[in-house]
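One structure is given below, encoded as structure tokens.
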Amino acid sequence: MEKFGRRFEGKVAIVTASTQGIGYSIAERLGLEGASVVVSSRKQKNVDGAVEKLKARGIEVLGIVCHVSNAQQRKNLIQKTLQRYGRLDVIVSNAAANPAVTAILETKEIVLDKLWEINVKASILLMQEAASHLQKGSSVVLISSIAAYQPSEALAMYGVTKTALLGLTKALAAEMAPNTRVNCVAPGFVPTHFASAITSNKSMRKNLEEKALLNRLGTTQDMAAATAYLASEDASYVTGEILVVAGGTPSRL
Ligand code: NAP
């Protein structure tokens, strides 16, 4: 059994795209630290599965289907959370898509639109929906990527949408201050379903491990720990910042 603090006692946290992978681990970590957590993703079956697993760990949890680019489902996510818990303290915007691995100059307009819509616009619209309900002392964490700094060939346009989130972090931090802090986590590579094409290829994986000073890929729990820090009172004087969690993989000064 992990020994965590209880930094989120009495707090309510929404995590998008949280029925598996990094989002799930974030919800689990916030829940183990005392938060009531709201998990969501596109498929009811995945939502139900995540709710069961979190409940089994003693976490107070509500599961809601929410495809982040569906306006009605975003509204429902916020409204149901408020109906059940009466407050909102933390939002982690974690959903992303990478529908194609083509060069930017070869990427079809429909794919460009989808990347913008899910990876950037949905976060903005979710904040528009949630902003007036956020408590004083609340916190938003956007999930970007190491690819925001150096988009690799295969992840080029995806990387550019993640670069946009760095700017969005700064801009929203200014707009939402002083009541709400807005920060960002930029994960290195983590072997999840999302990254499986890269991390399950032996030579690609070895290459990524060698690029990290700590000689390993990240874990979903590494990302959850960083997110929990930024969302917590421990980071009460931190806003508009990006925390790279990539084992020392080159990113920026
Ligand atoms: P993952 O393990 O594949 O999990 C994806 C989750 O998102 C699932 O719960 C999925 O459930 C849900 N989802 C997918 N599309 C959605 C949508 N449109 N609306 C709502 N939920 C959706 O992915 P992950 O690796 O944890 O990735 C999470 C975040 O970390 C992403 O922002 C990604 O860009 C970022 N990231 C990942 C890595 C990595 O190496 N894994 C590195 C850097 C950054 P449903 O199928 O039920 O919707």
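Let's see how each residue does on (1) closer than 27 Å to S145 by Cβ; (2) touching an Asp or Glu at 6+ places or on another chain (Cβ under 7 Å); (3) hydrophobic (A, V, I, L, M, F, W, C):
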{"residue": "K3", "(1), (2), (3)": "no, no, no"}
{"residue": "T19", "(1), (2), (3)": "yes, no, no"}
{"residue": "L54", "(1), (2), (3)": "yes, yes, yes"}
{"residue": "Q72", "(1), (2), (3)": "no, no, no"}
{"residue": "Q83", "(1), (2), (3)": "no, no, no"}
{"residue": "D89", "(1), (2), (3)": "yes, no, no"}
{"residue": "S93", "(1), (2), (3)": "yes, no, no"}
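Where in segment 9-119 are there helices (runs of 4 or more DSSP H), lying fully within it, with 2 or more residues that are of a type in the set (G, A, S) and either at positive phi or out of contact with any Cys (no Cβ under 8 Å at 6 or more places or on another chain) (or both)?
Output list reads 21-32, 44-56.
Taking segment 89-112 on its own, how many of its residues are surrounded by fewer than 21 Cβ atoms within 10 Å (Cβ to Cβ), aliphatic (A, V, I, L, M) and within 20 Å of the chain's Cα centre (by Cα)?
Of the residues in segment 89-112, 1 are surrounded by fewer than 21 Cβ atoms within 10 Å (Cβ to Cβ), aliphatic (A, V, I, L, M) and within 20 Å of the chain's Cα centre (by Cα).
Checking the conditions here, which among S152, S139, S144, S93 is in contact (Cβ under 8 Å) with a residue 60 or more places away in the chain and closer than 23 Å to M204 by Cα?
S144
Based on this model, can you work out whether V51 counts as closer than 28 Å to L217 by Cα and within 10 Å of the ligand (Cβ to nearest atom)?
no
So, K45, is that one free of Cβ contacts under 8 Å to residues at least 40 places away in the same chain, within 16 Å of the ligand (Cβ to nearest atom) and either surrounded by fewer than 20 Cβ atoms within 10 Å (Cβ to Cβ) or closer than 17 Å to A226 by Cα (or both) or not?
So K45 fits the description; yes.
Scan the helices (runs of 4 or more DSSP H) fully inside segment 173-253 and keep the ones with 1 or more residues being surrounded by fewer than 18 Cβ atoms within 10 Å (Cβ to Cβ) and in contact with a Gly (Cβ under 9 Å, 6 or more places away or on another chain).
On the way: elements: 196-199, 202-211, 220-231.
Qualifying helices (runs of 4 or more DSSP H): 202-211.
More than 16 Å from the ligand (Cβ to nearest atom) and at pLDDT 95 or above: which single residue out of R29, R6 fits that description?
Result of the check over R29, R6: R6.
Give just the number: which of (1) surrounded by fewer than 21 Cβ atoms within 10 Å (Cβ to Cβ); (2) assigned to a helix (DSSP H, G or I) does S123 not satisfy?
(1)
Taking segment 131-167, which residues are within 25 Å of Y237 (Cβ to Cβ) and away from the ligand (no atom under 15 Å from the Cβ)?
A131, S132, H133, L134, Q135, K136, G137, S138, S139, G167
The values are calculated or read from the model by the stated rules, or taken from the named source; none is laboratory data. Being a predicted model, the structure only gives us computed values, none of them experimental. No Cβ is skipped: glycine too gets one built from the backbone with ideal geometry, and neighbour counts run over all protein chains shown.
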